[in-house]
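Working notes for the structure below.
The values are calculated or read from the model by the stated rules, or taken from the named source; none is laboratory data. Being a predicted model, the structure only gives us computed values, none of them experimental. Cβ: placed from backbone, ideal geometry, glycine included. Neighbour counts: every protein chain shown.
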Amino acid sequence: MASLSKYYAPDDVKGWAIIALFVGVIGSIVVLGAALFFPDLREQALRSWLLGFIFWGGIGIGSIGVLMLQYLTGGAWGVVSRRVLEAGARTLPILFILFLPMIIGVYTASVYNWTHLSAATDEAMLHRGWYMTPLGWISRSVLYFVLFGIMTWYLDRASRDQDASSTAEGAAENLIKASRFSGPTMVIFALVVTFAAVDWVMMLDPHFFSTIFGMLFIAGWALSCFCFTVLVLAALSDKPPFNQVLGKRHFHDLGKLMLALVMVWAYFNFSQFLIIWSGNIPEETVWFLARMKGVWGWVGAALIFFHFAFPFLVLLHQDFKRHAKWLATLAVFILIMRIVDMLYLIGPNPRISDPHSIHGTFIISWLDLVGPIAVGGIWLWYFFTQLAKRPVVPVNDPFLQPAIEHGRGH
């Protein structure tokens, strides 16, 4: 089988990791210091940290789902991007550490409004019982990480065994194992993401409920994952070993997947709005009314035009998707809009310090900028560290050479 030594990431990746760690540590000191030493800023700091976690955690958790998707569907795009996805999935331990401030925030009733509601006076708290308690929330969150961890462990073990295979038959057998595991596990993954999205984001407003809410995150986190993967591949496309692997058709394929998920994200959001609008139930409509007034209404309009319409029109052009740098530039733009989308979901929800914010009070803080930078710096450090540990292409995969030839086609 092929030698693995010449397929590791270039030294640039280690330099990126050091820079990311420095930025992440400084940002974390600022945000968590504000939460710890300034009680008046504690709720805002934790919500800003949640914003950063949901965005960057979405890329890491989304990598697990996209990794299973490429095992199920095959395709050259999946072969050349697999190790980037695996590195993203292996960031789960640091994601759990980054989630600890939220656990502490819930335990101390400092971030979610429902921790200040009583079952004696609130019907939602009464009927949900133990489910709406700090212990229930924390227990479920830990369970989500355990389930994601099992998925990551199995897929990573199959990948390591493939690298260690001395025969083509052994390498192919590990590929088959990963594919068979991914089928039923993809269903479990979708369910876990749905429950996690409800607990971590939808519960910011304890009186709102939507059965399609989890699908918004399944599509959104997959889109974030593809955009991030394009960024990494484009940054490394002119460096060995990717300069001998990647071709225009690989980026064309990834661009088509980005286009599909942009449309799916818009479809799920429109479906949720249409169903709630037609049902006209007060418990549901209040959530949208808070986001259709004032500044939040303009933010929602911006998402329609710049998260959907603009990327949709640009990605329709075939030549655009074949240029790595062009596609990477659009990927950065979409990722920025992904943060805006998360802010749109998190920001208008009721606050412990301002109960009237349920009516759409526009509250935004400088911490909303620092939070994603802080979480992102630490997450990127761990990601780049993981990427440098393994060969950046599955050199023993029986479909690697056909995948390389596919990328060089016209």
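Taken as a whole, the condition of being hydrophobic (A, V, I, L, M, F, W, C) and without any contact (Cβ under 8 Å) to a residue 40 or more places away in the chain applies to F273.
Out of all the residues in the range 248-255, is one or more under 24 Å from G347 (Cβ atoms) and in contact (Cβ under 8 Å) with a residue 40 or more places away in the chain? No - not one qualifying residue is present in the range 248-255. In the range 229-240, the residues that are of a type in the set (D, E, K, R) form Cβ pairs under 9 Å with partners that are assigned to a helix (DSSP H, G or I), at six or more places apart or across chains, as follows: D238/A324; K239/D12.
Listed residues A235, A196; which is out of contact with any helix residue (DSSP H, G or I) (no Cβ under 7 Å at 6 or more places or on another chain) and farther than 21 Å from H127 by Cβ? Working first, answer last.
Working: A196 fails: out of contact with any helix residue (DSSP H, G or I) (no Cβ under 7 Å at 6 or more places or on another chain).
Of the residues listed, the single one that is out of contact with any helix residue (DSSP H, G or I) (no Cβ under 7 Å at 6 or more places or on another chain) and farther than 21 Å from H127 by Cβ is A235.
The single condition among (1) within 19 Å of I404 (Cα to Cα); (2) part of a helix (DSSP H, G or I); (3) in contact with a Ser or Thr (Cβ under 8 Å, 6 or more places away or on another chain) that V232 does not satisfy is (3).
Report whether or not A197 is of a type in the set (G, A, S), without any contact (Cβ under 8 Å) to a residue 24 or more places away in the chain and surrounded by 18 or more Cβ atoms within 10 Å (Cβ to Cβ). When the stated conditions are applied, A197 passes them.
If the condition is being under 23 Å from F399 (Cα atoms) and small (G, A, S), then the range 221-264 contributes A234, S237, G247, G255.
Among the residues of the range 150-167, those identified as buried (at least 16 other Cβ atoms within 10 Å of the Cβ) and either in contact (Cβ under 8 Å) with a residue 40 or more places away in the chain or of a type in the set (D, E) (or both) are M151, T152, L155, D156, S159, D161, Q162, D163, S165.
Going by what's in this entry, would H250 be described as touching a Lys or Arg at 6+ places or on another chain (Cβ under 8 Å) and part of a helix (DSSP H, G or I)?
On the way: touching a Lys or Arg at 6+ places or on another chain (Cβ under 8 Å): no; part of a helix (DSSP H, G or I): yes.
No, not satisfied.
When the range 200-214 is filtered for residues that are crowded, with 20+ Cβ neighbours inside 10 Å and of a type in the set (F, W, Y), the ones remaining, listed by number, are W200, F208.
Scan the range 271-281 and give yes if some residue there is under 29 Å from D253 (Cα atoms) and surrounded by fewer than 18 Cβ atoms within 10 Å (Cβ to Cβ), otherwise no. Looking for residues that are under 29 Å from D253 (Cα atoms) and surrounded by fewer than 18 Cβ atoms within 10 Å (Cβ to Cβ), one finds at least one in the range 271-281, hence yes. Against the conditions (1) surrounded by fewer than 23 Cβ atoms within 10 Å (Cβ to Cβ); (2) at pLDDT below 95, V392 satisfies every one except (1).
When residues in the range 276-299 are screened for being touching a residue at least 24 places away in the same chain (Cβ under 8 Å), assigned to a loop (DSSP other than H, G, I, E, B) and not charged (D, E, K, R), 2 of them pass. On the stretch given as the range 65-123, residues that are in a helix (DSSP H, G or I), over 28 Å from T185 (Cβ atoms), touching a Leu at 6+ places or on another chain (Cβ under 8 Å) and of a type in the set (A, V, I, L, M) total 0.
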